[in-house]
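Have a look at the structure below, then the notes.
The values are calculated or read from the model by the stated rules, or taken from the named source; none is laboratory data. Values in this document were obtained by computation on a predicted structure and should not be read as measured data. Cβ sites come from the backbone with ideal geometry, for glycine too, and all protein chains shown count toward neighbours.
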Amino acid sequence: MEIRLLGRTAVVRDGAVVPLPRSRKVRTLLGYLALSPQPVPRSRLCDLLWDVPNDPRGELRWCLSKLRALLDAPGRARVITADDRVGLDLAGVRVDALDVERAVGGGIARIAHAELAALCDRFAGDLLDGVDIDGTPELAGWLAAQRQRYRSLHVELLRALVARADGAETFQRLEAWLQLAPFDRDAHAVMLEALVGAGRLRDAEEHLAATMRAFEAEGVDWAPLRDALHAARRATSRIASRDSLPASSAAAAPAPARERTRRRVAVMPFADRSEAPPVRLAEGVTEDIIMQLARLRVLFVIARGSVFALAERGVEPEEAARVLGVDYLVTGSVRRAADRVTLAVELVDARDRTIVWTDALESAPGETLAVLAALVQRVVAAIAEEIESEETRRAVLKSPTTLDAWEAYHRGLWHMYKFTGPDNHHAGQLFRAALELDPTFARAHAGLSFTHFQNAFLDLTPDRARQIELAFAAAQRGLAADDHDPAAHWAMGRALWLHGEHSGSVAELERSIELSPNFALGHYTLGFVHSQLGDPKLAIGATDHSRELSPFDPLQFAMLASRALAHVRLDERQEAAEWAVKATARPNAHAHILAIAASCLSLAHREPEGRRFVARIRERLPAYSIEDFLRAFRFDRDVAQLFRRSARAIGF
């Protein structure tokens, strides 16, 4: 006789599978008794399996009768009941879970290769797979712990087997390992080493790109894996890129390409080749190209935040193209000497790494801005001609009238995305400096409005009411400067939200997206507003789209937290808790984000986890309370009361 618990529960007698009762309680009872080292009191089984039934002992007797029909044989009783205890006589019976435990207990290193492979093959799924427990929380906890324990045993067996395997078996076992532990860096590192060792460099690069996307989505550090690939390349002489086997044979292969009609483009940060100390001119050129490309409705352009974040982490352009899943890559450099600026630009087909177009522009003395505008037009025209020239529609964003204003604006952005009081103050000073030089610079007005928004939203200054008015006034000046700039409408949408004007805020944010469909901040902020008083389903779609447009954006924490709030309003509390916790793992997550996580965990009845987030808030802001949180957001009365109740449950 054989009892199979790893996967779908099954009983095999004389080589034939015995039909099991449909009752989940019978299957659960079988697994619990099989794994119990000693007979279990009937009262214990009743308490575990039934949550206040009418007749627990009667139901237990019924379940035991079904087990006897499964396991007992003429002259051999295997379901043993004595002294009000219940146990199983498993002498001569193979139980897959117990076989694994005995083998591992003797030391994995002592297990022969063939037996190791056979043990791994015994795992057909999770312990008691398909059994959904509706009994007591204690039983659910037992099952969750046992499943995790056997998953861990499976991983350890696979780890040992991969170390001994070669050829196709290596990749087969690695696939199983990664399926069990998709965020196990060791497994991915071994996969990368195996692919490079097999001469499959292209597969290794694609595997790393797919893994980086998955890790980034979960807030897991992927830098060690990039280092592992580089180390594997250096350690082997067989690094020629070839597709010896289909990429699908590698675990965590790139996600299936979504159907899309637009080509994807990434503009990586331009390098500064200036002889003088570096300035932020190169960053400005990069953002200008990104924004111009975003205006072309036939293109899907990766947002500024993601490409700059990857560059700051040392990711090379070709590797970034794989991670972002783009078709074309724009790179370049800026060189300023005296009063001349030279811009070198290159457009590469990321799929076969061939140069599609390249050019270099040099300014005449005093014509720097003209060169910038010409460069943007050339880049946009080249990409449009190569991809879908007949559908191209170009639009031009106004450029600052001086380089100093341009530089000040981009320095302000760098500080603004730090989300701290001192940095926000510094950003405001830089935006004002830019506006003194160029009062028509709409994006500097939008940036200044956002600094006032942060002062009010994060309580960075004591004059909240005045900061709201200043945010509104700066947004008005931005619209007056350039009504076609999506950032100007974005700033006005935020300012109106601070004023409590929901419909006006939504209208302005929708206008920002109309002007630039790839404007990630517009989509995110629309989701932010709808997550509180508007349509929560629309909020989820908007925040998801913003993350797709800018998967490495500095405001990722806010995008995830907004989705969590939308799930709260849909009464999807477990989902809300999961998204809120993800938000807290992103850089620069502030106290409001921690408060969202604490509240959502409390609503999901995960109070201990919620209290840990309350403790983290107390470390930053000892006086912070649920009322500070509610004052910052715009919820209706019912949702506000829901958050207050959740806060009381965790001492917040």
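Let me confirm something: among 320, 338, which residue is at pLDDT 80 or above and small (Gly, Ala, Ser)?
320
For the range 24-53, what are the residues that are in a loop (DSSP other than H, G, I, E, B) and either in contact with a Ser or Thr (Cβ under 6 Å, 6 or more places away or on another chain) or under 15 Å from residue 64 (Cα atoms) (or both)?
Correct list: 39, 50, 51.
Out of the helices (runs of 4 or more DSSP H) lying entirely within the range 135-230, which hold 1 or more residues that are aromatic (Phe, Trp, Tyr) and modelled with pLDDT of 90 or more?
Here the list reads 137-164, 168-180.
Kindly indicate whether residue 282 is in contact with a strand residue (DSSP E or B) (Cβ under 9 Å, 6 or more places away or on another chain), under 19 Å from residue 316 (Cα atoms) and either surrounded by 13 or more Cβ atoms within 10 Å (Cβ to Cβ) or at pLDDT 75 or above (or both).
yes
Which one of 124, 77 is in contact with a Gly (Cβ under 6 Å, 6 or more places away or on another chain) and at pLDDT 90 or above?
Unique residue meeting the criteria: 124.
Which one of these is under 26 Å from the mean Cα position of the chain (by Cα), surrounded by fewer than 22 Cβ atoms within 10 Å (Cβ to Cβ) and either farther than 21 Å from residue 525 by Cβ or not hydroxyl-bearing (Ser, Thr, Tyr) (or both): 609, 627?
Unique residue meeting the criteria: 609.
In the range 475-490, what residues are buried (at least 23 other Cβ atoms within 10 Å of the Cβ) and either in a helix (DSSP H, G or I) or at pLDDT 90 or above (or both)?
475, 478, 486, 487, 488, 489, 490
Take the residues in the range 454-474 that are among the small types (Gly, Ala, Ser) and buried (at least 20 other Cβ atoms within 10 Å of the Cβ), then tell me which one is nearest to residue 593 (Cα to Cα).
Among them, the one singled out is 456.
Being out of contact with any Lys or Arg (no Cβ under 8 Å at 6 or more places or on another chain) and among the aliphatic types (A, V, I, L, M) is the requirement here; does residue 604 meet it?
Spelling it out, it is not the case that residue 604 is out of contact with any Lys or Arg (no Cβ under 8 Å at 6 or more places or on another chain) and among the aliphatic types (A, V, I, L, M).
Residue 124 passes all but one of (1) farther than 20 Å from residue 232 by Cα; (2) outside the structural domain of residue 10 (by TED's automatic domain parsing); which number fails?
All conditions pass for residue 124, except number (2).
Counting only residues that are modelled with pLDDT of 90 or more and of a type in the set (A, V, I, L, M), which one in the range 80-96 is farthest from the chain's Cα centre (by Cα)?
80
Condition first: within 16 Å of residue 29 (Cα to Cα) and part of a strand (DSSP E or B). Now tell me which residues in the range 74-88 satisfy that.
Across the range 74-88, the qualifying residues are 79, 80, 81, 85, 86, 87, 88.
Which residue pairs have Cβ atoms closer than 8 Å, lie 6 or more positions apart in sequence or on different chains, and pair a first residue in the range 575-603 that is on the phi > 0 side of the Ramachandran plot with a second residue that is in a helix (DSSP H, G or I)?
From the range 575-603, the pairs are 588/557.
Does residue 476 qualify as being polar (S, T, N, Q), free of Cβ contacts under 8 Å to residues at least 24 places away in the same chain and under 16 Å from residue 431 (Cβ atoms)?
In short, yes.
Could you please give the count of residues in the range 530-539 that are part of a helix (DSSP H, G or I) and crowded, with 23+ Cβ neighbours inside 10 Å?
Summing the residues that are part of a helix (DSSP H, G or I) and crowded, with 23+ Cβ neighbours inside 10 Å in the range 530-539 gives 2.
Okay, residues lined up against (1) among the hydrophobic types (A, V, I, L, M, F, W, C); (2) in contact with a Phe, Trp or Tyr (Cβ under 8 Å, 6 or more places away or on another chain):
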residue	(1), (2)
100	yes, yes
103	yes, no
106	no, no
114	yes, no
123	yes, yes
131	yes, no
152	no, no
155	yes, yes
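Can you tell me which condition residue 79 does not meet? The list is (1) surrounded by fewer than 18 Cβ atoms within 10 Å (Cβ to Cβ); (2) in contact with an Asp or Glu (Cβ under 7 Å, 6 or more places away or on another chain); (3) of a type in the set (A, V, I, L, M, F, W, C), and all the others hold.
Just one mismatch for residue 79, condition (1).
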